[in-house]
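First comes the structure, then the notes that go with it.
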Amino acid sequence: MSAYDIIREIETAQLKATVDEFCVGDTVRVYGKIKEGNRERVQVFEGVVLKRQGGSNRETFTVRKTSNGVGVEKTWPLHSPNVEKIEVIRHGKVRRAKLNYLRDRVGKKAKVRELVK
């Protein structure tokens, strides 16, 4: 058994059993566990998914929201135990894999059109 096989075996053990389905451009609500002292609570972060990158247990996604007129981005590991669940609110219609151009836009221009099925 090579070192590559050992690493792959460890990584597959760390994967979550079920992963919530979402795409770039979707508006999501991420329930993240936050530790404050000896207490643990769940905090909700709601925004637009800018990108998904990586693969296997290293996969991450970035969510952007505006809070008090200031843009806030947070990158979450997809298979982290600190991410309790991801709830899709709206499906966005986009033609890009990474929506970095949304960082420069303000107000209504920063919106993503909704995908109507």
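Computed from the coordinates by the stated procedures, all read-outs in this text should not be read as laboratory data. For clarity, every value in this text was computed on a predicted model and none was experimentally measured. All Cβ positions, even for glycine, are placed from backbone atoms using ideal geometry, and neighbour counts span all protein chains on display.
Sum -39500 (n - 2.57) across every DSSP H segment of at least 4 residues in the chain, then divide by the residue count to get the 222 nm mean residue ellipticity, nearest 500.
Helix contribution divided over all residues of the chain: -3000 deg cm²/dmol.
Placing unit charges on C-beta atoms (Lys and Arg positive, Asp and Glu negative, everything else neutral), compute the dipole magnitude of the chain about its Cα centre in debye, rounded to 20.
With only Lys, Arg, Asp and Glu charged at Cβ, the dipole is about 840 debye.
Take the Cα pairs of the chain, get the Kirkwood Rh, then feed it into Stokes-Einstein at 37 °C and 0.692 mPa s and tell me D in µm²/s.
208
In region 1-107, if the dipole is taken from +1 on Lys/Arg beta carbons and -1 on Asp/Glu beta carbons about the Cα centre, which of Gly69, Asn100, Tyr31 is farthest to the positive end?
Going by the charge dipole, the pick is Gly69.
Specify the residue with the greatest mean-square fluctuation among Leu15, Leu50, Leu78, computed from a Gaussian network of the chain linking alpha-carbon atoms under 10 Å apart.
Of Leu15, Leu50, Leu78, the Gaussian network model singles out Leu15 as fluctuating most.
Determine which lysines satisfy two conditions relative to Lys16: a Cα distance under 28 Å, and not lying fewer than 8 residues away in the same chain.
Lys33, Lys35, Lys51, Lys65, Lys74, Lys85, Lys93, Lys98
Between Gly107, Gly54, Gly37, find the one with the highest GNM mean-square fluctuation for the chain; connect C-alpha pairs within less than 10 Å.
Gly37
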